[in-house]
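This report concerns only the one structure given below.
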Amino acid sequence: MDTKSILKQYFGYDSFRQNQEEIINTVLYGKDCVVLMPTGGGKSICYQIPAIALPGTTIVVSPLISLMKDQVETLRANGIEAEALNSGNEFSQDTIIRRKCMDGTLKLLYISPEKLLTEIPYLLKHIKVSLFAIDEAHCISQWGHDFRPEYTQLDVLHREFPDVPIMALTATADKVTRQDIVKQLGLKDARFFISSFDRPNLSLTVKRGYTTKEKDQYILNFIKARPLDCGIVYCLSRKNTEKMAEYLQKHGIKAAIYHAGLTQAERNQAQEMFKQDDIQVVCATIAFGMGIDKSNVRWVIHYNMPKSIESFYQEIGRAGRDGAPADTVLFYSLGDIIQLEQFAKESGQQELNKDKLRQMREYAESGVCRRRILLNYFGEQMDHDCDNCDVCENPPKRFDGTRYIQMALSAAKRADEQIRTSTIIEILKGIPSPTVRRMGYDHLKTFGVGKELSTNDWQDYMLQMLQMGFIEILYDQKNIVRITPSGLDVLYGRKTAELCVIDRSVKEGHTRKKRFHLEIPPITIPGLPSTSGTEDPKLFEALRTLRHQCAEEEGFPPYIVFSDKVLHALATIKPTTLEQFGFISGIGEHKKQKYGKRFVALIQKFL
């Protein structure tokens, strides 16, 4: 069977996405390759189709048991023989899996790097291996952001299996990491495939300088505006995940926590409840997400600013994997920047991490299309604005802020540039704190000159001054503020400067204009005049309910039965026969036979 027939029969798609067909043909010809593709970009199909097409078993090296479980369930739901060898298996399970490998009926075997190394002499040497697929390949590199020692020993694969092609796959790897992957794996004349990092279905929003109370209220309003949509709130600390979950639960939202301080059983339970749609929200540290393929996550919120664009991109990439519209919101503050700078300073790779943080700040602080900045980071240029980020939708309003900037810089100057931002604000507000009184700052000419502004407003303006380069914070000298040459120009009246109008609106979601529309691929279906129908929202909800029933019967997460994107297509095209049902993009032959009658009956009843 040719690759396009496999794509249609097992996965229900009529055409490949960017680079997929070339990648597949490369390994079918026995060549190595490195695949760089964004989260949700279709990496798994790149090795799953060769696995079906080639005789023998494809070995997929994967770092997490939960990720393997997800992939295996998805493949089986599509009628493809797949298993996972890991520490969670019973001895009898492993025996059955080995037998399937030996007789060639197993097309894909998922395995951890640790287990792989021990199985080379016992299992792998005695079966027909068609391909090695190394998932999350950035773990191989010492520069990768999730270093895992066992990955560095995978150069043994080409030594022991010189004729078996290797495919390395990752969602995030800069040029240094890519070259390191090739070197560590010993790849031969490897071809690089770098897909577009653009995820147009993700809206990008950044919120600056919110207080904890304002953030919490905004997030609550955001979730309540999307009562049927599940999402993730990423926090910098375990404490914040617990506070956020407690706050949401108190307001009637089903939420769970996920962080490294929980037991494995507690983490597994939170993940399973989220996958099964039993809870709406997971409040998590960055420990969460790598082991989940859930395609119907409709939003991701960052409670604090991440440490790098790679981390941020990978985390927002967990939303909208099915291609349907999804929202992302990033909060950040002066406190986040100071804390992350401290982390970078204390890390083993200080300069590298400070540079990554600087680029993350540039994204958060931008006054131009955010998607263009994001894509530019990954070496991809876009010649137009995206119309699906907050800057494009609502360009920031500005005013002449010279007077406020001069007030703040004057306070710093009169204190001999030996104070932090918090003390500057106390001076401006006329607050006689212990530090202010002890140092005599309450006698400065600037004491109380800015009392008409709130502390929150001053924090926001100080952050903007940092962004514009009027001040710098000396992180290695107790975070004291130093005025830059351009700051002196404003202080002494040689230049004027604008500040952005502060917007801390906690209302969200109800009036948001959706710029991205889910496009239903044009298809010709016998008996139906056209595919350009209008989606019936009530039918969509009925289809969601039926999907949940099917999933519960089989013990699968609902998104493994059908993605939200497939349900949107069904609610738009409304097929009324089994044949028409099989034409919908994302429905393969196995799922057509398995679920078709029930879904078609529901649509007929609705019409």
Quiz item: Toward the positive end of the charge dipole of the chain, about the Cα centre and with charges on Cβ (Lys, Arg +1; Asp, Glu -1), which of THR57, LEU340, GLY261 goes farthest?
Solution: LEU340
Quiz prompt | Crossing angle, helix 564-573 versus the chain [Cα axis fit, 0-90 degrees, rounded to tens] | solution = 70
Practice problem: Kindly report, to the nearest 10 Å², the accessible surface of LYS538 as traced by a 1.4 Å probe over protein heavy atoms only. | Solution: 150
Quiz item: Which percent, to the nearest 5, of DSSP beta bridges fully inside the stretch 52-211 are antiparallel?
Solution: 0
Quiz item: For the stretch 29-132, what is the accessible area per residue in Å² when the probe is 1.4 Å?
Solution: 36
Quiz prompt | Residue-count net charge about THR455 - beta-carbon cut-off 15 Å; Lys, Arg +1, Asp, Glu -1 | solution = 0
Exercise. For the stretch 11-37 and the stretch 572-607, compute the distance between their C-alpha centroids and round to whole Å.
Key: 29
Quiz item: Quick one: if the Förster radius is 25 Å, what FRET efficiency do LYS31 and VAL176 give, using the C-beta to C-beta distance and rounding to 0.05?
Solution: 0.60
Quiz item: How far apart, in nm, are the 7 Å Cα→Cβ label points at THR496 and SER454?
Solution: 2.8
Self-check item: Sulfur and carbon atoms: percent of accessible area, the chain [1.4 Å]
Solution: 50
Practice problem: Report, in degrees rounded to the nearest 10, the 0 to 90 angle that the Cα long axis of helix 91-103 makes with the longest principal axis of the chain. | Solution: 60
Self-check item: Over 23 Å between alpha carbons, listed pairs LYS183/LYS345; LYS115/LYS275; LYS4/LYS597; LYS294/LYS565; LYS224/LYS594
Solution: LYS183/LYS345; LYS115/LYS275; LYS4/LYS597; LYS224/LYS594
Practice problem: Just need the relative contact order of the stretch 62-165 here, percent rounded to a whole number, with Cα pairs under 8 Å and 6+ apart. | Solution: 25
Quiz item: Heavy-atom accessible area per residue, the stretch 372-416, 1.4 Å probe: how many Å²?
Solution: 54
Quiz item: Could you work out the helix-only [θ] at 222 nm for the chain, with each DSSP H run of four or more residues adding -39,500 (n - 2.57) and the total divided by the number of residues, to the nearest 500 deg cm²/dmol?
Solution: -12500 deg cm²/dmol
Quiz item: How would you classify the chain from its alpha-carbon gyration tensor, with a ≥ b ≥ c the square roots of the eigenvalues: rounded for a/c under 1.5, else prolate if a/b is greater than b/c, otherwise oblate?
Solution: prolate
Self-check item: Residue-level accessible surface for LYS188, protein heavy atoms, 1.4 Å, Å²
Solution: 100
Exercise. Report the local net charge at THR26: Lys and Arg +1, Asp and Glu -1, summed over other residues whose C-beta lies under 9 Å from its C-beta.
Key: 0
Quiz prompt | Exposure of CYS550 as accessible area (Å², to 10), given a probe of 1.4 Å and all protein chains | solution = 0
Quiz item: Want the number for HIS443 to THR95: 0.36 nm per residue separation, take away the alpha-carbon distance, what's left?
Solution: 117.2 nm
Quiz item: Which angle between 0 and 90 degrees, to the nearest 10, do you get for helix 537-554 versus the longest principal axis of the chain when only C-alpha atoms count?
Solution: 60
Quiz item: When DSSP assigns beta bridges and you keep just the ones with both residues in the chain, what percent turn out antiparallel, to the nearest 5?
Solution: 10
Quiz item: For PHE192 and PHE161, what is the calculated FRET efficiency with R₀ set at 30 Å and r taken between the beta-carbons, to the nearest 0.05?
Solution: 0.85
Exercise. Mind putting a number on the dipole of the chain about its Cα centre? Charges go on the C-beta only, +1 for Lys and Arg and -1 for Asp and Glu, and I need it in Debye to the nearest 20.
Key: 1140
Quiz item: Once both labels are modelled 7 Å past Cα along the beta-carbon direction, what's the ASP103-GLN342 spacing in nm?
Solution: 6.2
Self-check item: Average accessible surface area per residue within the stretch 155-260, 1.4 Å rolling probe, Å²
Solution: 44
Quiz item: Once you put a point 7 Å from the Cα of MET382 and another 7 Å from the Cα of ASN479, both along the Cβ direction, what distance in nm separates them?
Solution: 3.4
Quiz item: What does a probe at SER5 reach in the stretch 42-62, counting residues whose amide N is under 11 Å from the point 7 Å along Cα→Cβ?
Solution: none
Quiz item: If you add up the charges near GLY252, with Lys and Arg at +1 and Asp and Glu at -1, over every other residue whose beta carbon is less than 13 angstrom from its beta carbon, what do you get?
Solution: +2
Quiz item: So what is the relative contact order of the chain, in percent, for Cα pairs below 8 Å that sit 6 or more residues apart?
Solution: 15
Quiz prompt | Amide H contacts of ILE480 (H built 1.01 Å from N, under 5 Å, at least 5 apart or other chain) | solution = LEU474
Exercise. Could you order HIS443, HIS590 by accessible surface area, starting with the largest, using a probe radius of 1.4 Å?
Key: HIS443, HIS590
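The values are calculated or read from the model by the stated rules, or taken from the named source; none is laboratory data. Note that the structure is predicted; figures quoted are calculated from it, not measured. Using ideal geometry, Cβ is built from the backbone for each residue, glycine included, and neighbour counts are taken over all protein chains shown. The protein model used for the area step is the full one, side chains on, heavy atoms only, and it has no ligands, DNA or RNA in it. Shrake-Rupley method; radii C 1.70, N 1.55, O 1.52, S 1.80 Å.
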